[in-house]
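A short write-up of the structure that comes next.
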Amino acid sequence: MCMKKSLILYYTYDGNTEKVARIIKNQLNCDMESIKPIKEMQTKGFGKYFWGGTKVFMRKKPKLMKIVSDIPSYDVLLIGTPVWAWTMAPPIVSLLGLDSLKNKAVYFFYTHEGWPGKIEEKFQKLLNPSNQLIDSKGINRAKRTLEELEEEIVLWVQAMHL
Ligand SMILES: Cc1cc2nc3c(=O)[nH]c(=O)nc-3n(C[C@H](O)[C@H](O)[C@H](O)COP(=O)(O)O)c2cc1C
């Protein structure tokens, strides 16, 4: 049970970050919502790396679909992203610019394939100074499946002070 009102906000393209969000949700029994850009890329093939990588390098902040959750009513946000080009996916950059995120405690999680770069530093830099980043967790899918990683994720959630 969440003592503090908590909301998971995440972006996913291939569903992995969403699976992690669900594991967290099942532990905390809290709300979750996926962040979606209005214009989503259309390829699941190799072109996605080029398309997505280009958006990262161009420092794009895509317009987002309306977020239905009442963000100001939550105390804690758990923000999740896949690693794209050693940093967070562009929709998360857009999310971090929203005024409604201010003054909240934040947990950060990200899924990757072994090359996370300096995503934690980059996330901290983009976060509003009014936010308190409590902890970050990288989930490396390079050698183990998410099913195998579930216990590690659960332990991370159990250590949260919520
Ligand atoms: C455009 C793009 C760029 C990526 N860049 C990286 C990277 O720099 N480092 C890495 O470890 N994985 C990278 N990946 C792999 C994803 O981080 C990884 O598969 C992640 O779990 C996908 O999450 P999702 O299924 O929620 O979309 C990239 C994937 C895409 C589509």
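Annotation: amide H of Ile35 within the under-5 Å range of Tyr10, Tyr11, Thr12, sequence separation 5 or more or interchain, hydrogens built in the peptide plane. Take the chain with all the other protein chains still there, run a 1.4 Å probe, and you get 57 Å² of accessible area per residue. Phi angles across the stretch 17-32 convert, under the Karplus curve 6.51 cos²θ - 1.76 cosθ + 1.60 with θ = phi - 60°, into 3J(HN,Hα) values of 5, 5, 4, 5, 4, 5, 4, 5, 4, 5, 6, 8, 6, 10, 7, 8 Hz, Gly and Pro given as x. Along the axis of the charge dipole computed for the stretch 42-162 (Cβ charges of +1 for Lys and Arg, -1 for Asp and Glu, origin at the Cα centre), the listed residues Ala142, Trp51, Ala105 are led at the positive end by Trp51. The accessible area of Lys102, taken with all protein chains in place and a 1.4 Å probe, comes to roughly 80 Å².
Tell me, rounded to the nearest percent, the portion of alpha carbon pairs in the chain spaced more than 24 Å apart. Everything past 24 Å amounts to 29 percent. Here the dipole of the stretch 6-158 is about 800 debye; that uses its Cα centre as origin and unit charges on the Cβ of Lys and Arg (positive) and Asp and Glu (negative). The distance between label points at Asp31 and Ser100 comes to 0.9 nm (points 7 Å beyond Cα on the Cα→Cβ vector).
For the chain, relative contact order (Cα pairs under 8 Å, six or more residues apart, normalised by length) works out to 26 percent. For the stretch 1-98, the carbon plus sulfur part of the accessible surface works out to 57%, probe radius 1.4 Å. Loop-located chymotrypsin sites (Phe, Trp or Tyr not before Pro) across the stretch 50-140 with a Cβ neighbour count of 14 or fewer within 10 Å are Trp86, with loop assigned by DSSP. Restricting attention to the stretch 1-131, close to 15% of DSSP beta bridges with both partner residues there are antiparallel. Loop-resident GluC sites (Glu not before Pro) (DSSP state other than H, G, I, E or B) in the stretch 3-81 with no more than 13 further Cβ atoms inside 10 Å of their Cβ: Glu40.
The values are calculated or read from the model by the stated rules, or taken from the named source; none is laboratory data. A quick note: this is a predicted structure, and the numbers were derived from the prediction, not measured. Neighbour counts run over all protein chains shown; Cβ positions are idealised from the backbone, glycine included. Heads up: the accessible areas ignore ligands, DNA and RNA and are worked out on the full protein's heavy atoms, side chains in. Shrake-Rupley method; radii C 1.70, N 1.55, O 1.52, S 1.80 Å.
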